[in-house]
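The values are calculated or read from the model by the stated rules, or taken from the named source; none is laboratory data. Quick caveat, the model's predicted, so the values are computed rather than measured. Counting neighbours? That spans all protein chains shown, and the Cβs are built from the backbone with ideal geometry, glycine included.
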Amino acid sequence: MSRTVRLSLFALAAAGFGLVLVLGFADLPAFGHYHGVYGQILDGVGVTLRHATDLVTALNFDIRGFDTVGEEFILFASVLGIMLILRGLREEHQEPSQHAADEHMFAGASEALRAFALVLIPLLLTVGVYIVVHGQITPGGGFQGGVVLGAGPLGIFLTGRYLRMKVVTPRPAMELADALGAGGYALIGLGGLIFSGVFFKNFLPLGIPGHLLSAGHMDIASVAVGLEVSGAFLIAWSEFMDQAILVRGDQRE
Amino acid sequence: MTVLQIAALSGVALAAGGVVVTSDPLSQTLVLGVFGMSLTMLFFVFQAPDVALSEIVVSTVGLPVMILLALRKVHEQRREGEQEEPD
C-alpha cells in the first residue's frame, strides 16, 4: 500500500471515528452532574452503613467485593503466565558466575544514586504500608499500596546489586505472599458467607469512621490485596530481570 | 469545566500524540512515563484520587521496568546475532 492510499484511508477512518465520538459525547451529562440512582445511593451509605470515609475502597472491598475477586485472579493468572512462558528452557543457561554478574551489572550506578536508593527504599516501604492500611480512610488501598511496597526492594536494583535484591525477596516468599494474598481475599468473602449468610457481606465490627481499625473487613481485605499485588509485581519484575540479566542462549560454538 | 480540567485534558492529548510520534522504543518508554503523569493529573483534577494513585504506580513503576528490561533483552539478542554472523 502506498503512502497516499494509507493516508487517505486514515483520513476516512479518523473522520468517521471523530463523528461517532462527537455524537456520543454530545449527550453526556456535564462533569459533576451525575444522575445514576445507584451511585447516588452508594454516595450516601458509605460512611453511615459501612463506616468507610473512602467510598472507592468501600466499593472495591465490600459493596462490590466479589468483582475484586475476579480482578485479583486476573493479576494472579497473568503472573502465572509470565512464570510459565519465561521458565528455564533446555537450550538456555544462567550466567555461570553469579558473582561476576553481581559486580559488573549496572556499573554506572554512581555513589549519589546508591545513597539516594538507600533513602528511597525505607521511604517507599513506609508509604506502601501507609497506603495499604489506610485504604478505607483515604484514597488508595491494597493495589496501589502493594505496587509501592513492591517498588521498595526494586530500589536495591538501583544500587546496581541485582542479586542482592533476589536475596531480600526470595522467590518462595514472594510466591507465598502472592498465593496467601489471593487466597486470603477469597477467604474473607467466605467469612461473610459463614458469619453473615452472604458472600462478602461485612462480618466484622465496623468501628468508628476515620479510625485505623474501622469499616469491618475492609482493612484485612486491603492487606490481603496488598500482599498479593506486591508479591505478584516482584515475581513479574524478577522474571523479567532474570531474562535480561542472567539467562543466556546456548553458546556452544 | 475549569481551566485546570481543560489544561489536564489538553496535556493528555499532547502526551498521547507524543507517544505515537516517538519512533525509538527507548525514548518512547520515557514519553510513555510523561503520558502516565499527564493522565494522573487528569484523574486528579477530575476528583478521582484513587484512580490517579493507581495510574501513578502503574505508569511510573510497574510498566517502565518491564518495558526497559524487555528492550535490554532484545538489544542483547540482536547484538549476539550480529557477532555470530561474520564467522
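Computed values, structure above
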read-out: Restricting region A:36-62 to residues that are outside any helix (DSSP H, G or I) and surrounded by 13 or more Cβ atoms within 10 Å (Cβ to Cβ), the residue that is farthest from the chain's Cα centre (by Cα); value: A:His51
read-out: Condition met for A:Ser238 (within 24 Å of the chain's Cα centre (by Cα), closer than 30 Å to A:Glu111 by Cβ and polar (S, T, N, Q)); value: yes
read-out: B:Met1, sole failed condition from (1) at the interface with chain A (Cβ under 9 Å from one of its Cβ atoms); (2) hydrophobic (A, V, I, L, M, F, W, C); (3) not in a loop (DSSP other than H, G, I, E, B); value: (3)
read-out: Given (1) part of a loop (DSSP other than H, G, I, E, B); (2) surrounded by 10 or more Cβ atoms within 10 Å (Cβ to Cβ), number of the condition A:Arg6 does not satisfy; value: (1)
read-out: Check on B:Leu39, within 11 Å of chain A (Cβ to nearest Cβ), under 14 Å from the mean Cα position of the chain (by Cα) and in a helix (DSSP H, G or I); value: no
read-out: Given (1) away from chain A (no Cβ under 12 Å); (2) more than 13 Å from the chain's Cα centre (by Cα), index of the condition B:Thr29 fails; value: (2)
read-out: Verdict on A:Leu80 being within 30 Å of A:Phe61 (Cα to Cα), more than 10 Å from chain B (Cβ to nearest Cβ) and either at pLDDT 85 or above or crowded, with 16+ Cβ neighbours inside 10 Å (or both); value: yes
read-out: Residue list for region A:125-168, filter: of a type in the set (A, V, I, L, M), within 13 Å of chain B (Cβ to nearest Cβ) and under 15 Å from A:Gly231 (Cα atoms); value: A:Val132, A:Val147, A:Val148, A:Leu149, A:Ala151, A:Leu154, A:Met165
read-out: One residue from B:Leu53, B:Leu9, B:Leu69 being within 14 Å of another protein chain (Cβ to nearest Cβ) and either in contact with a Gly (Cβ under 9 Å, 6 or more places away or on another chain) or of a type in the set (Ser, Thr, Tyr) (or both); value: B:Leu53
read-out: Checking A:His99 against (1) modelled with pLDDT under 80; (2) of a type outside the set (Gly, Ala, Ser); (3) within 28 Å of A:Thr138 (Cβ to Cβ); (4) loosely packed, with under 11 Cβ neighbours inside 10 Å, the condition it does not meet; value: (3)
read-out: Members of region B:9-36 found to be in a helix (DSSP H, G or I), more than 28 Å from A:Asp54 (Cβ to Cβ) and of a type in the set (Val, Ile, Thr), listed by number; value: B:Val19, B:Val20, B:Val21, B:Thr29, B:Val31, B:Val34
read-out: Residues of region A:37-71 satisfying the condition of being touching a residue at least 60 places away in the same chain (Cβ under 8 Å), away from every other protein chain (no Cβ under 14 Å) and more than 19 Å from A:Leu206 (Cα to Cα); value: A:Phe66, A:Val69
read-out: Residue, surrounded by the fewest Cβ atoms within 10 Å (Cβ to Cβ), within region A:177-214, restricted to residues that are among the β-branched types (Val, Ile, Thr) and in a helix (DSSP H, G or I); value: A:Ile194
